[in-house]
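Colleague: Just passing along the structure, written as structure tokens.
The values are calculated or read from the model by the stated rules, or taken from the named source; none is laboratory data. Here the structure is a predicted model, which is why all the values come from computation and not from measurement. Neighbour counts run over all protein chains shown; Cβ positions are idealised from the backbone, glycine included. These accessible areas exclude ligands, DNA and RNA; they are computed on the full protein's heavy atoms, side chains included. Shrake-Rupley method; radii C 1.70, N 1.55, O 1.52, S 1.80 Å.
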Amino acid sequence: MPLPSQPVFDAVPAAPALARDSPGPSLLLAVEGMKCGGCVRAVEQRLAQQPGVRHVSVNLLTRTAWLELANTSVDLAPLLASLESLGFSAHSRDQDAPLVSRRDLQKQQHWWSHWQQMLVAMALLLLSGLGHLAESGALGTSAVSTLLARNGLHAVVAATALLGPGRSILQAGVRSAWAGAPGMDALVALGVTSAFLASLYGWLWPASGWPCYFNEPVMLLGFVLSGRFLEERARWRTGRAIEQLVELQPNEALLIVDGGPPRPVRVGALRPGDRLRLLPGDRMPVDGVVRDGCSTVDCSALTGENLPLRVEPGSELPAGSLNQEAPLELEVLRSGAHSALARIVQLVGQAQARKAPIQGLADAVAGRFSVAVLLLAAATFLFWWRWGSRLWPWVLAAQGASGHGGHGMADVALSPLALALQLAIAVLVVACPCALGLATPTAITVGLGLAARSGLLFRGGDAMEAAAGLKTVLFDKTGTLTTGCPFVTAVTVSPMVREGTLALEGITAATDSRVSADRLVQLAASLEQASRHPFAHALHQEAQRRQLPLLGLGPSEVVPGDGLVGCLDGVAAKLRVGRPEWLAAQGVFGVEPPMASGPENGGSLLAVAADGVLLGWIGLEDRPRDEALSTLASLRAQGLRLGLLSGDRQGSVQRLATEVALAADELAWDLRPEQKLQRILLAQESGPVAMVGDGINDAPALAAADLGVAIGTGTQIAQEAADLVILGDRLGGLPTALALSRRTMAKVRQNLFWAFGYNLLVLPIAAGLLLPFQGIRLTPPLAALLMAMSSITVVLNAVLLQDGDRTQGGVHHEP
């Protein structure tokens with residue numbers, strides 16, 4: 001299969017351009033210390049208050065903040081200082097830095113420190129459990145058992161736990177509370193500190209009658225630290241898809257210097273213009289162009305396209321491509337952060353920081369959640385201390401009867417004050433704003449990563465949510481449902497200039513006023529030489545076939561959806577090339593062609609005029625994509641309405657519709673860009689609409705649709721206006737993208753249901769709702785375990801999206 005003349009990734013949009021409405025410059029910050037949705041809300045509010053910041057979006061999972069700035073002169077230092085005052089350390093993420101491997105990232109994130117935390121947490125849980133067994137008499141009466149049962153030992157262990165592994169939690173909790181934005185750390189810190197101080201008071205002043213339960217703060221910290229370790233591991237798995245993209249770039253390349261033997265060098269040292277040797281089985285370390293050799297290349301890991309591409313001198317290859325057959329000699333075009341692979345990773349990283357609208361509710365609740373929990377804990381304490389034990393005095397007797405000597409964790413409810421304190425601590429600890437904050441970003445991050453591995457670049461969670469809710473998909477014709485590689489089928493010169501009845505300066509020769517077919521093709525191809533429209537490519541190919549040199553291009557202007565107008569060197573007349581209807585509107589007469597080829601046979605037609613005089617017509621034809629019919633059938637099977645909006649002529653549109661099984665009422669032709677907008681607005685009355693296109697005249701329609709989709713070989717401006725870019729010239733990637741977006745949003749809804757449902761269920765139980773009637777209450781250690789498991793459940797449920805996508809074949813995986 002021959003490689004297209006354009007590179008595989010000729011139009012990967014630049015990373016900073018993320019929105020369709022001409023955004024300002026953007027900035028990506030890495031923010032450390034966020035633990036829950038309350039932290040996210042605090043960071044967003046603080047950054048939004050800073051001068052020059054237009055919009056802020058914070059992702060709890062990736063711990064990043066994406067900022068849209070008013071201008072490039074915004075100072076970074078005040079932004080970082082504002083977050084530091086809240087207790088969050090932040091730094092700018094360098095988008096021009098080279099890609100970082102998984103192993104290096106593990107080192108940067110101090111992975112061993114997380115394991116240390118886990119080991120300390122397990123040791124705390126073991127020691128606390130042994131103490132409880134010793135107090136209950138399960139370990140006998142040995143010296144060790146007696147020592148483990150002493151409150152003094154457990155007081156030392158609890159103090160060590162708070163000042164050691166728990167110190168970071170206490171410090172973060174105090175800072176967030178002091179800043180007026182209490183979060184998860186504030187709740188945990190208040191819970192463990194209350195339990196420790198109450199136990200310390202009861203131990204130092206036994207006459208007070210307060211029970212000692214030093215085991216509880218130790219077990220609280222143990223469960224919290226264990227849960228965070230497991231959550232961190234699960235979070236790491238959510239970014240695995242993007243990490244696998246990063247790993248496509250090798251660390252070394254074979255550099256050719258002065259014709260000598262290839263020498264291995266670091267990829268970071270390569271610069272544009274360097275010569276490389278790429279052996280069979282090696283991956284492209286940079287974007288490059290083949291200078292010598294022929295081979296086949298596998299780009300499936302980047303585009304999802306399984307068929308190998310045939311490459312030859314002049315073919316461009318993106319970083320990460322796999323050479324399969326023969327050695328190649330290449331010249332470096334782009335390296336490091338400027339390669340196509342790096343730009344994909346940057347786009348996905350920024351997309352993950354953009355929120356889906358469905359996350360707004362969770363963030364709004366999570367932002368006020370911690371304050372509500374504090375109020376509920378205070379109300380729980382007051383109720384059970386002052387009134388609850390009087391209304392139901394048997395709850396004290398029931399709890400006291402389960403005691404084992406007055407020191408254990410089960411023997412804590414011997415007085416109204418102790419019971420009230422226990423229940424209040426349980427409320428503080430069991431509440432989980434983390435699950436609310438993670439519910440949406442975990443699933444969105446996994447979904448965006450899986451899409452990127454298939455060559456599907458969503459602009460953010462908002463684009464993925466829009467894709468999941470689509471009702472209608474509208475298509476452009478040329479380059480979208482067709483191959484975008486039309487060819488000239490007929491050239492007809494206007495009778496007046498063919499017969500020599502008109503003489504135009506620079507158009508005809510001085511001795512002959514006739515215009516030949518060759519001259520007509522030469523003029524049209526020369527005017528189109530700055531255009532990337534498929535018709536321009538067809539004209540250039542026809543000029544090459546006829547061995548016609550192109551004339552120098554003077555001032556010219558593109559009229560989107562209609563054609564071009566401009567001047568050529570040596571031609572005094574102003575030339576126009578475009579739709580016959582447009583030329584007629586410009587005052588050109590006789591544009592209806594007397595030709596049997598072209599629109600009557602389902603082809604397309606261009607008219608050529610000079611100074612209002614019609615020179616002739618050029619007929620073109622295009623073929624539908626091989627996957628067009630199957631793609632439309634797959635979209636119909638997903639329950640979507642389809643339509644075709646084209647600026648082409650009626651015959652051409654109807655012929656294509658017959659080949660791809662579109663009905664007559666699904667077609668519209670002869671549309672200018674503003675008419676496409678009207679059609680999209682009309683379709684939006686029946687639900688969200690996607691527009692799929694690839695050309696300059698498609699950009700307004702892509703921006704107006706609920707989801708703009710650009711095909712990867714389209715023009716840069718079309719991709720900048722799109723919410724979803726399908727790389728690799730694969731229309732068949734569209735059904736995959738929409739199906740993946742629906743599965744992702746299903747996971748989001750599951751996570752939100754769990755996060756809200758968990759808190760609505762356990763908070764009343766923790767506050768003692770079932771205690772008077774069923775004798776059921778949550779002890780603080782059990783509350784801590786439930787809290788940890790709620791966050792882990794949300795993350796693991798999102799990770800299951802990877803397994804589900806793998807089994808359904810939605811994402812291509814390397815063999």
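Colleague: With Cβ to Cβ distances under 11 Å as the rule, what net charge do the other residues near Ala253 carry (K, R +1; D, E -1)?
Modeller: Charge balance in the 11 Å sphere: +2.
Colleague: While we're here: How large is the accessible surface of Met464 in square angstrom, using a 1.4 angstrom probe and rounding to the nearest 10?
Modeller: Around 0 Å² of this residue is reachable by solvent.
Colleague: Sticking with this structure for a sec: Run the simple label-point estimate for Gln586 and Val156 please: 7 Å along Cα→C-beta, distance reported in nm.
Modeller: So the two model labels end up 9.3 nm from each other.
Colleague: For a protection proxy built on the mean count of beta-carbon atoms within 10 angstrom, sort 379-390, 336-347, 451-462 highest first, please.
Modeller: 451-462, 336-347, 379-390
Colleague: Between Leu391 and Gln49, what's the calculated FRET efficiency when r is the beta-carbon distance and R0 is 35 Å? Round to 0.05.
Modeller: Plugging the Cβ-Cβ distance into 1/(1 + (r/R0)^6) gives 0.15.
Colleague: Something else now. How do the peptides 175-185, 669-679 rank, highest first, by the average count of neighbouring beta carbon atoms within 10 Å per residue?
Modeller: 175-185, 669-679
Colleague: What is the packing order of peptides 606-612, 369-375, taking the mean over residues of other C-beta atoms within 10 Å and listing the highest first?
Modeller: So the peptides 606-612, 369-375, ranked by packing, come out 606-612, 369-375.
Colleague: What is the set of long-range amide H partners of Val559 at a cut-off below 5 Å, with H atoms built 1.01 Å from backbone N?
Modeller: Excluding prolines and chain starts, which carry no amide H, the hits are Leu564, Val565.
Colleague: Any idea how far the Cα center of the range 516-553 sits from the one of the range 650-686, in Å?
Modeller: Answer, in whole Å: 29.
Colleague: Also, I was wondering about something else. Determine the sum of side-chain charges near Ile169: Lys and Arg each +1, Asp and Glu each -1, restricted to other residues whose C-beta is under 10 angstrom from that of Ile169.
Modeller: Cβ neighbours under 10 Å give a net charge of +2.
Colleague: A further question follows. Collect residues whose amide H, placed 1.01 Å from N in the peptide plane, falls under 5 Å from the amide H of Gly554; neighbours closer than 5 in sequence don't count.
Modeller: Answer set, sorted by chain and number: Cys567, Leu568, Asp569.
Colleague: If R₀ is 22 angstrom, what is the calculated FRET efficiency for the pair Tyr201 and Ala179, using the beta carbon separation as r and rounding to 0.05?
Modeller: That gives a FRET efficiency of 0.15.
Colleague: So if R0 is 25 Å, what FRET efficiency would Ser630 and Gln650 give, r being the distance between their Cβ atoms, rounded to the nearest 0.05?
Modeller: Efficiency, from the Cβ-Cβ distance: 0.45.
Colleague: Could you order Ile776, Ile726 by accessible surface area, starting with the largest, using a probe radius of 1.4 Å?
Modeller: Highest to lowest solvent-accessible surface, that is Ile776, Ile726.
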